Amino acid sequence: MSRYDLEKFLVPNGDLEKQKEYTELVRTVIGARFTDKPKAFVHTYGCQGNVSDGERIKGILADCGFCMTDELSEADLVLYNTCAVREHAQDRVFGNVGALKKYKTQNRNMKICLCGCMVQQPHVTERIKRSYPFVDLVFGTHVSHRLPEFLYRIYCLDKKVYEIEQSDGVIAEGTPVLRDSTFKAWIPIMYGCNNFCSYCIVPYVRGRERSRSSQAILDEVRSVVKEGYKEITLLGQNVNSYSGDMNFAGLLRAINDIEGDFIIRFMTSHPKDCTHELIDTIAECEKVERHLHLPFQSGNDRILKEMNRKYDREKYLELVNYAKKRIPDVLITSDVIVGFPSETDEEFEDTLSLAREVRFSSLFLFIYSPREGTVAARMEDNDTHETKVKRFKKLEKLQADNSSETASEMVGKTYRVLCDSVIKDGVLSGKTSTAMAIEFDGSNDLLGTFVNVRITERSGWSLKGEVVR
Ligand code: SAH
Ligand code: SF4
Ligand code: F3S
């Protein structure tokens, strides 16, 4: 992306300054209206990119004078940051929003806000207006940096706000962020998507692909590393096509050169833009994970073409084989869609055989879900849901065997893991550089540190181990 393009997307400083003024206004008004700090309940659905947006939304809310709560019943403001990727994700949101009506009758001052991908679709916003009139604020994905202004309008002017601007999208730098973790940081490197895979809603709700400047990304990484963060995950719908003033491989190298003990993860890679240069870079950078999440979606060339994925089975397998050769300990994970319109049993067999051949360490399986406005939603689809479920189960079974096999090969070996959760008092879980989770006994204060763990046993694909010096 040229300098010109970056400037086309950047929110001007003046606009961000204005939002700071709104922040001060809201803080004052809210400070006068509530005796204690009002509580915000924020819940994010969907992908890590959305989770990262959620952290930035929480940062704005905190600056505006809110504290966060996990208790819906005590919330003064409820915000759902939504996802539209499958119908099921959307149904859950509608169900949960419906349930809020009860809370609002108990607390008439409660404000209900919806944002994210789902509400960026005009037909959804219409449905909210019509069927959920108790919702106070609805804002789309391209205007979230204007949340202080929206809060001003709902709290100070007592207005309902619907702001769903259709645009190519923006890049807002320097907005506050309240991270969920003290050792894991999500760092977006690009936004939007230009790929228009025929089944996918993301390009319609997230705007055009745009990369942050490497300077802004490197500054953010440096600052979180300085704060003690140990896992940096670079985010984008297709990180391989990052195009600031360097490419993605260059960016990985630059981050790898930052001093400190931390691991660099990234998602998602797209096979059409994944290069040997990138794989070489992963092999050569000691801080970069030994893991590649490379969605293949289908193992059949006709289906891949219908999906508009722009690679074929051969190219996918070539990439995987190159990665396995260059990074001998690499583990590969993937996404796959079962039951794309007109997929035959034979075509599905190609998906099975690809999964068998690659032997993913784990696989995210999805049954195709038609999304209004996409190309695939207009394709004829004669397969019954039962057929799709049958295929899903077949693949699930194959993958369970593959995952177990990967796990059993790890038994007896020792791995450096970042302890990332406390399962219960004295029992922790951590992730290897290859993105495998291991459970082990240890004191809770190991959370957020690197430890060496020897794998002692496996059940199915879950691993148990012990901390070693
Ligand atoms: N940008 C990423 C994926 C984002 S969505 C990529 O290109 O790989 C995450 C996953 O959801 C996709 O990989 C796909 O497997 C699945 N998905 C997307 N749209 C879907 C749909 N309409 N039905 C079922 N699964 C879908
Ligand atoms: Fe969707 Fe394809 Fe873009 Fe991924 S690359 S977000 S699947 S359109
Ligand atoms: Fe969902 Fe939007 Fe992510 S549709 S998967 S939250 S980009």
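Kindly flag which residue pairs out of LYS58/LYS230; LYS58/LYS272; LYS58/LYS159; LYS226/LYS431 have an alpha-carbon separation exceeding 24 Å in this structure. Those over the limit are LYS58/LYS272.
For the range 214-311, the Kirkwood estimate of the hydrodynamic radius, built from every pair of different alpha carbons, is 14.4 Å.
Find out how many positive minus negative residues lie around ALA172, taking Lys and Arg as positive, Asp and Glu as negative, among other residues whose Cβ is under 11 Å from that of ALA172.
On the way: positive: ARG56, ARG146, ARG212; negative: ASP15, ASP53, GLU173.
Once all neighbours under 11 Å are counted, the net charge is 0.
The distance separating the Cα centre of the range 81-140 from that of the range 366-424 comes to 29 Å. Extent along the principal axes, Cα only, for the range 390-468: 45, 23, 19 Å, with the longest axis given first. Compared with the dominant principal axis of the Cα atoms in the chain, helix 313-326 is inclined by about 80°.
Defining a contact as two alpha carbons under 8 Å apart and six or more residues distant in sequence, what relative contact order in percent does the range 414-467 show? The partial results should precede the final answer.
Numbers: 124 pairs, mean separation 19.0, N = 54.
The normalised contact order for the range 414-467 reaches 35 percent.
Shape class for the range 217-274: prolate, because the ratio a/c of the largest to smallest gyration tensor axis (alpha-carbon atoms, square roots of eigenvalues) is 1.5 or more and a/b beats b/c.
Can you compute the charge dipole magnitude of the chain about its Cα centre, using +1 on each Lys and Arg Cβ and -1 on each Asp and Glu Cβ, nothing else charged? Give it in debye, rounded to the nearest 20. Write out the running numbers ahead of the final one.
On the way: 65 positive and 70 negative charges, 184 e Å.
Using only the charged Cβ atoms, the result is roughly 880 debye.
Database remark: amide H of VAL338 closer than 5 angstrom to the amide H of PHE366, ILE367, TYR368 (H placed geometrically; neighbours at sequence offset of 5 or more, or on other chains; Pro and chain starts carry no H). Distant-in-sequence amide contacts of PHE266, defined by a placed amide H-H separation under 5 Å and a gap of 5 or more residues or a different chain, comprise LEU234.
So what's the back-of-envelope 222 nm ellipticity for the chain, counting only DSSP H runs of four-plus at -39500 (n - 2.57) apiece and dividing by all residues, rounded to 500?
On the way: 14 runs with 179 residues, N = 469.
The helix-only estimate for the chain comes to -12000 deg cm²/dmol at 222 nm.
For the chain, the cysteines with no partner cysteine C-beta closer than 4.7 Å are CYS47, CYS64, CYS67, CYS83, CYS113, CYS115, CYS117, CYS156, CYS193, CYS274, CYS285, CYS419. Rounded to whole numbers, the Karplus 3J(HN,Hα) couplings from phi for the range 226-232 are 5, 6, x, 5, 10, 10, 10 Hz, using 6.51 cos²θ - 1.76 cosθ + 1.60 with θ = phi - 60°, and x at Gly and Pro.
Between rounded, prolate and oblate, where does the range 3-163 land on the alpha carbon gyration tensor, with a ≥ b ≥ c its root eigenvalues, rounded for a/c under 1.5, else prolate if a/b exceeds b/c? Since a/c reaches 1.5 but b/c is at least a/b, the shape of the range 3-163 is classed as oblate.
Just to be sure I follow: if Rg is taken over the C-alpha atoms of the chain and Rh is the Kirkwood radius over the same atoms, what is Rg/Rh? Could you put the intermediate results ahead of the total?
Numbers: Rg = 23.0 Å, Rh = 23.8 Å.
With Rh from the inverse mean 1/r over Cα pairs, Rg/Rh is 0.96.
Sorted largest first, the principal axis extents computed over the alpha-carbon atoms of the range 151-250 equal 46, 38, 24 Å. The local environment of PHE366, defined by Cβ-Cβ distances under 14 Å, has a net charge of +1 under the rule Lys, Arg +1 and Asp, Glu -1.
Throughout, read-outs are computed from the coordinates displayed, never taken from laboratory work. Just so it is clear, the structure is predicted and the values come from calculations on it, not from any experiment. Virtual Cβ from ideal backbone geometry, glycine too; neighbours counted across all protein chains shown.
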